[in-house]
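Remarks on the structure that follows.
Please treat every number below as a calculation from the coordinates, not as lab data. No experiment lies behind these values; they were computed from the predicted model shown. Every residue, glycine among them, receives a Cβ derived from its backbone with ideal geometry; neighbour counts consider all protein chains shown.
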Amino acid sequence: MPNSEQFSGNKCTIAIDGPAGSGKSTVARKLADRLGYTYIDTGAMYRAVAYRALQAGLDVESDATEIAALAGCLHFEFRNVGNEQHLLTNDEDVEEAIRRPEVGNLSSAVSAIPEMREHLVAVQRQMAAQGGVVMEGRDIGTVVLPQAEVKIFLTASVQERARRRQQQLREKGIQRDLDEILREQQQRDERDRTRSVAPLRVAPDARQVVTDNMTEDEVVDLLERIVRQAEQYME
Ligand code: DC
């Protein structure tokens with residue numbers, strides 16, 4: 001895992017949750033870089049399970065048990081490639097594949113399978129065990145790391161989130177209609193919020209940050225200040 005060798009003792013555990021398009025991936029990655037912490041994108045892990053399920057021809061509705069078993073056979077590794085962080089499953093770089101829109105949509109349905117989540121949550125807890133991590137997802141502050149010293153819930157209005165998603169895709173050479181993105185995003189939000197296992201919700205002790213009128217750097221600055229304060233209370 002990147003950065004883990006920099007662990008020095010008074011580093012805390014940071015949980016960042018929020019809906020799709022809240023900007024949390026970029027912000028979490030930049031924050032981890034600044035702090036010398038390890039960045040863990042848990043959404044990538046759910047996407048990887050969805051991608052492997054798709055490859056194996058498994059159906060979310062009828063093959064939930066098989067999908068959970070498949071997740072149990074995957075070894076996850078985050079690796080730095082240039083300026084990016086790539087996810088490898090069983091030594092194969094799946095970064096490009098898991099970012100495809102169809103895999104993103106499927107990952108929301110796949111992530112509602114309880115036995116599969118149990119497995120990924122266990123792996124994520126192990127990854128965070130040494131501290132000094134910024135872990136990002138939907139249930140980090142509520143389920144995966146309820147003891148995290150810093151919990152942030154990042155959000156933005158639906159229009160702003162759809163606009164950012166469109167821009168992200170454009171940067172990857174994918175052109176998408178804004179209304180289409182809005183519709184898909186609302187469906188995913190709804191599914192992520194209403195599923196019975198680990199639904200997206202704000203942890204009672206999380207700090208909510210609405211990022212509509214903030215630049216990425218302003219958000220990172222704010223989070224860094226929050227973490228620096230928390231670090232002073234460590235040890
Ligand atoms: O953050 P993302 O869009 O890459 O996440 C992909 C899907 O995985 C998303 O629909 C919600 C799900 N997910 C989850 O259920 N729990 C997490 N901790 C992270 C993501």
- Filtering the range 30-67 down to residues that are buried (at least 18 other Cβ atoms within 10 Å of the Cβ), of a type outside the set (Gly, Ala, Ser) and within 30 Å of ASP221 (Cα to Cα) yields LYS30, LEU31, LEU35, TYR37, THR38, TYR39, ILE40, ASP41, THR42, MET45, TYR46, ARG47
- Look through the range 22-52, keep the residues that are aromatic (Phe, Trp, Tyr) and assigned to a helix (DSSP H, G or I), and return whichever of them is nearest to the ligand (Cβ to nearest atom). TYR46
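Among the residues of the range 85-108, what is the count of those that are of a type outside the set (A, V, I, L, M) and over 15 Å from the mean Cα position of the chain (by Cα)? Even if it seems obvious, please write down each step before you answer.
First, pick out the residues of the range 85-108 that are of a type outside the set (A, V, I, L, M): 85-86, 89-93, 95-96, 99-102, 104-105, 107-108.
If we keep only those that are over 15 Å from the mean Cα position of the chain (by Cα) as well, we get 89-93, 96, 100-102.
Final tally of qualifying residues: 9.
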- May I ask you to say which residue of LEU200, LEU182, LEU223 is under 14 Å from SER22 (Cβ atoms) and in a helix (DSSP H, G or I)? LEU223
- So THR142 fits all but one of (1) touching a helix residue (DSSP H, G or I) at 6+ places or on another chain (Cβ under 7 Å); (2) surrounded by 13 or more Cβ atoms within 10 Å (Cβ to Cβ); what number is the exception? (1)
